[in-house]
Amino acid sequence: KECQSQQEAAVPTPCTDCLSGRNCHTCPTLTYTAGATNIHWICDSSGDAYNNEAVEGTKCTPTHQCKDEAIPAEIECKSPEEGSDEGKWFDGDNPFDEKTCDTKCPCNEITIPKSEDTNLFCDSDSQPVDDGDGNWKIDGSTTCDVVCDGQIFIPISCKFNEDGTLTAWHITYGGQDIILDENTKCFSCSGSNCEEDPNTTAATTKAPTTATPTTATPTTPAPTTAAPTTAPKDKP
């Protein structure tokens, strides 16, 4: 019996050998790109498509969506073109490039003004950009700590929200994950540092400029000598 492609055989399941009358083809592996806000792909086959060549008929869906990037709802490994033995990835009827599949979902660029009370330390592989006006610029590929008064370290990074549909700048302060407003263009230890630039929108959550005291102020007043409640009687 002559082997057929999956489309010719009109069967939904991927092939395993030619005994079933199927002609087996595979697609190239997907190229993995690491990143906290990079799209990745989950496929309906054994193993992952990053380390294993997917057989024709394999379908994959993205882990997240981007606000400003067109991410396919599904990609599929299909039979090769005539004259080729290798399958190809498709987004519907459009070819899909497996080498650039892990799209990065960006956050808007944000300004960190340089000032006496604000400093910035970033990962060695994601250094901020000096804009030449005494400010730092960071984008979604940058992970940094904003340091206030040399005492308070506030991590700031671009992350997906809980439902995986949008990215936003997150800071960690007081043990809490705080999401900055999507229109935030500036973040500083002191809100006034951002207000000096009329073209920026300050973060809605501002860190205090001084550390919180670690010792509590005593609430019990010091003892005093009580006044007598009755007047002394005359001696007989």
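The values are calculated or read from the model by the stated rules, or taken from the named source; none is laboratory data. As the structure is a computational prediction, the values presented were derived from the model and not from experiment. Cβ placement follows ideal geometry from the backbone for every residue including glycine, while neighbour counts extend to all protein chains displayed. The accessibility values were calculated without ligands, DNA or RNA, using every heavy atom of the protein model including side chains. Shrake-Rupley method; radii C 1.70, N 1.55, O 1.52, S 1.80 Å.
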Open item on the list: So Gln65 ticks every box in (1) more than 18 Å from the chain's Cα centre (by Cα); (2) in contact (Cβ under 8 Å) with a residue 60 or more places away in the chain; (3) within 27 Å of Asp44 (Cα to Cα) but one. Which box is left unticked?
Closed with: (1)
- [ ] Just need a number here: residues in segment 37-48 that are open to solvent by less than 20 Å² (accessible area, probe 1.4 Å) and touching a Pro at 6+ places or on another chain (Cβ under 9 Å).
- [x] 3
Task: Subset of segment 58-108 [touching a helix residue (DSSP H, G or I) at 6+ places or on another chain (Cβ under 7 Å) and part of a loop (DSSP other than H, G, I, E, B)] - done: Ser79
TODO: Please state which of the following conditions Ile179 fails to meet, knowing it meets all the rest: (1) closer than 23 Å to Cys66 by Cα; (2) buried (at least 19 other Cβ atoms within 10 Å of the Cβ); (3) at pLDDT 90 or above.
DONE: (2)
Open item on the list: With farther than 23 Å from Ala36 by Cβ, modelled with pLDDT under 90 and crowded, with 19+ Cβ neighbours inside 10 Å as the only criterion, which of Asn193, Asn199 stands out?
Closed with: Asn193
Task: Which listed residue, of Asp123, Asp93, is over 28 Å from Ile154 (Cα atoms) and free of Cβ contacts under 8 Å to residues at least 40 places away in the same chain - done: Asp93
Open item on the list: I'm trying to understand the selection: among the residues of segment 51-67, which are over 12 Å from Thr26 (Cα atoms) and open to solvent by 40 Å² or more (accessible area, probe 1.4 Å)?
Closed with: Asn51, Lys59, Thr61, Thr63, His64, Gln65, Lys67
Task: Residues being part of a strand (DSSP E or B), closer than 19 Å to Gly174 by Cα and open to solvent by less than 60 Å² (accessible area, probe 1.4 Å) - total across segment 113-153 - done: 8
Task: Sole residue being touching a Leu at 6+ places or on another chain (Cβ under 7 Å) and modelled with pLDDT of 90 or more, chosen from Tyr50, Tyr32 - done: Tyr50
Open item on the list: Of the conditions (1) touching a residue at least 40 places away in the same chain (Cβ under 8 Å); (2) open to solvent by 60 Å² or more (accessible area, probe 1.4 Å); (3) not in a loop (DSSP other than H, G, I, E, B), Cys158 satisfies every one except a single condition; which number is it?
Closed with: (2)
